[in-house]
Every structure is written in C-alpha cells, then in structure tokens.
Amino acid sequence: MNARRISKTIKIGDVAIGGGAPVVVQSMTKTDTRNARATIDQIKELQHCGCELVRVAVPDAEAAGAIVDIKKGIGIPLVADIHFDYRLALKSLEAGVDGLRLNPGNIGEANKVKKVAAAAKERGVPIRIGLNAGSLPKAPGPGLSVAQRMVASALEQIHLLESLDFDLIKISMKAFDVPTTIEAYRDIADKVPYPLHIGITEAGTPRTGVIRSTVGIGTLLWLGIGDTIRVSLTTHPREEVFAAYEILKSLNLRQRGPVLVSCPTCGRTEADVVKLAEEVEKRLQKIDKPIKVAVMGCVVNGPGEAKDADVGIACGKGKGVIFKKGKKLATVEEKDFLTALMKEVEGF
Ligand code: SF4
C-alpha cells in the first residue's frame with residue numbers, strides 16, 4: 001500500500017482532516033433539514049454508529065435557519081450543502097455551520113463567491129469544492145476526458161478561492177464511473193496541497209453500491225489518496241457509515257468495533273452456519289471493542305483457518321468447539337452455539 005499523501009490540514013469543527021490525521025468517516029442526512037427534530041435524531045444515530053462529520057442539504061432559507069437548532073442537538077461537526085444561492089451559504093455561516101460544501105462555479109458572479117469566502121474565512125470555516133461528473137460546466141477544454149474536465153474545473157475553482165486569499169479548502173471530484181473517479185483524484189492529488197474527500201457518487205443500492213464504492217474508495221486509499229470518505233447509498237445513512245468503516249478496517253486504516261470472520265460453508269458443513277453468522281453479526285453491531293470473532297463451519301478446519309481470531313466457534317454435527325486464538329476452549333451443544341460464543345466475546 002502506498003504511503004498516505006500528506007496534504008494541508010484543515011479543521012471542520014474539532015475534526016482534523018488531512019495532514020496525516022486518521023481518515024474521517026462522514027455521511028449525509030436524508031431527512032428534510034427544515035425538520036430540525038428529525039434531522040437531529042438521524043444525526044445522533046449516525047454519531048452512535050461512528051459518523052464523525054455530517055452534511056445536510058440546505059435547499060432554502062428555512063433549512064439554513066434550522067441549522068441553529070440542529071447544531072444545539074448534535075455532537076459532531078455539521079457541513080451545509082449549498083447549490084446556486086450564495087445567500088444560503090451566508091445564512092448557514094451565520095447559523096454556526098462548521099463547513100460548507102459548494103461549487104463556486106455554480107454560485108455565479110465572482111462578487112458573490114467573494115462574499116462567501118470572506119464570511120467563511122472570518123469564522124475559520126472550510127469550504128469543500130464539490131465537483132460531480134454529472135454537473136460539470138461545458139468548458140473548459142474540448143476533447144478532454146471527463147476526468148480531465150473535472151480536474152480542470154476544480155483547478156479553476158481552487159484558483160478562484162486562492163485569489164480571494166482563501167485556503168481552507170477541501171476537494172471532491174466524484175463520478176459514478178469508478179475509473180473516471182480514480183483518474184480524476186490521482187491527477188488532482190499531484191497538483192494541489194489540499195485534503196481530498198473521496199467517494200463514488202450515486203453508487204446505488206447497498207447490494208451494488210457498497211461494491212462500487214469499495215472498489216473506488218479502496219483503490220484510492222490503497223494509492224495513499226483520501227482524507228475523508230463517504231459511501232453514498234440509496235438507503236438509510238447508517239449503512240453508509242457501516243460500509244465506510246468496513247472499507248477502512250479492511251485496509252487497516254481505522255479500527256472500530258469487532259471484525260467478523262466467517263467461512264463460506266461447503267460440503268463439510270453440518271450446522272446452520274449461515275443463520276448463526278448472521279445472528280452473530282447482528283449482535284456484534286452493539287459491541288464497541290475491537291475483537292476478531294470467527295464463525296466456522298467445521299471442527300476439522302475451523303479453528304486452524306481462523307487462528308488469528310480472538311474468539312470463535314467451529315460448528316460440527318450437533319456440537320461445536322469454542323476456541324480462543326485458535327486453541328480449543330470448550331465443546332458446546334448446538335442449541336448453545338450463539339450464547340456460548342457471545343459469552344466469550346463479551347468477556348474478552
Ligand atoms: S471451515 Fe470447514 S466448513 Fe467452512 S468452508 Fe472451510 S472446510 Fe468448509
């Protein structure tokens with residue numbers, strides 16, 4: 001795995017991004033931002049799942065006004081997502097938002113961008129220049145690939161903010177197409193010193209979206225690129241946070257909660273290992289400690305194959321072996337598989 005690209009550090013609220021800080025997990029609410037109560041409830045759930053930074057859509061002045069109440073009810077930094085209307089950015093800043101996501105290109109006249117940059121700078125609030133492949137301006141550059149157009153457009157907008165003496169910048173350049181996204185991020189990573197927010201946009205429903213996001217985000221992280229991530233899924237945002245952590249955990253970039261090792265089952269399996277693994281996974285979601293748990297489908301190969309697990313079970317016909325670090329601990333009846341395993345997990 002490549003060494004991580006060291007960018008400038010920015011702070012969104014009290015969360016450091018870039019400069020070698022841990023990769024930050026973020027998500028976006030799916031409630032109506034004007035409904036502060038519902039938005040707070042969703043953010044609190046995300047926070048509980050490990051979300052470290054949350055973005056809300058700000059489509060109108062009422063939504064911008066709701067930020068005051070939302071901020072009072074949550075414990076993680078809040079980013080306002082603004083399109084087109086610079087007054088919504090100013091109102092969100094007044095309401096105490098910790099970060100802005102906008103596209104200076106669609107804010108319009110330089111004078112409006114200047115006002116937003118000045119107000120953000122005064123409060124020390126970073127701006128994410130958030131480009132999406134689907135909403136790129138036609139110019140610049142006929143004959144350029146989508147990735148090249150994304151980079152050209154990002155550079156233009158970065159230069160605009162820099163010309164206003166504003167450098168609390170974070171950049172994203174997401175596409176649905178994974179190779180395009182990777183190409184765009186690799187290119188911009190070499191050209192600017194700012195932290196990068198990475199993700200695959202409109203990735204889809206969990207079944208396909210998690211895979212698409214994992215390939216894109218995982219490849220970039222492997223290349224050392226990415227300071228904060230969002231997995232975009234057409235479902236409840238808690239699934240985005242779970243998926244984000246699984247990506248980071250699988251690359252050993254972050255630790256959070258348990259890791260479940262489970263065998264795929266095969267012709268040797270003599271118990272309902274699929275059901276057991278699903279139930280264990282559900283219960284592990286309520287556990288915070290970093291523990292590796294294994295659910296294996298046979299007594300012969302199970303403990304050996306999962307020897308680096310902290311605690312595990314190898315299921316045989318009617319009986320199973322509970323093991324710790326690959327060593328046998330006890331033999332239990334089939335009806336006790338789940339309780340016996342969870343008892344060891346909880347006591348670990
Ligand atoms: S652990 Fe046993 S049951 Fe599971 S896949 Fe391997 S050999 Fe098959």
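The values are calculated or read from the model by the stated rules, or taken from the named source; none is laboratory data. Quantities reported herein were computed from a predicted structural model and do not represent experimental measurements. Cβ: placed from backbone, ideal geometry, glycine included. Neighbour counts: every protein chain shown. For accessibility, only protein heavy atoms count, side chains too; no ligands or nucleic acids. Shrake-Rupley method; radii C 1.70, N 1.55, O 1.52, S 1.80 Å.
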(request) Evaluate the following for Thr265: is it within 16 Å of the ligand (Cβ to nearest atom), among the β-branched types (Val, Ile, Thr) and either on the phi > 0 side of the Ramachandran plot or within 17 Å of the chain's Cα centre (by Cα) (or both)? (result) yes
(request) Of the conditions (1) at pLDDT below 95; (2) within 16 Å of the ligand (Cβ to nearest atom), Gly257 clears all except one; give me its number. (result) (2)
(request) Hey, could you check segment 66-95 for residues that are open to solvent by 30 Å² or more (accessible area, probe 1.4 Å) and outside any helix (DSSP H, G or I) and say which is nearest to Val24 (Cα to Cα)? (result) Gly75
(request) Go over the candidates Ile313, Ile322 one by one and state the one that is over 30 Å from Ala3 (Cβ atoms), away from the ligand (no atom under 12 Å from the Cβ) and not polar (S, T, N, Q). (result) Ile322
(request) Hey, can you tell me all the residues within segment 266-298 that are of a type outside the set (Gly, Ala, Ser), part of a loop (DSSP other than H, G, I, E, B) and open to solvent by less than 50 Å² (accessible area, probe 1.4 Å)? (result) Thr269, Ile287, Ile291, Cys298
(message) Exactly one of these conditions fails for Arg230: (1) charged (D, E, K, R); (2) in contact with a His (Cβ under 9 Å, 6 or more places away or on another chain); (3) open to solvent by 60 Å² or more (accessible area, probe 1.4 Å). Give me its number.
(response) (3)
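How about segment 251-262: which of its residues are assigned to a loop (DSSP other than H, G, I, E, B) and open to solvent by 30 Å² or more (accessible area, probe 1.4 Å)?
If the condition is that a residue be assigned to a loop (DSSP other than H, G, I, E, B) and open to solvent by 30 Å² or more (accessible area, probe 1.4 Å), then Leu251, Asn252, Leu253, Arg254, Gln255, Arg256 are the ones that fit.
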(request) Could you identify the single residue in Leu233, Leu248 that is among the aliphatic types (A, V, I, L, M), assigned to a loop (DSSP other than H, G, I, E, B) and away from the ligand (no atom under 15 Å from the Cβ)? (result) Leu233
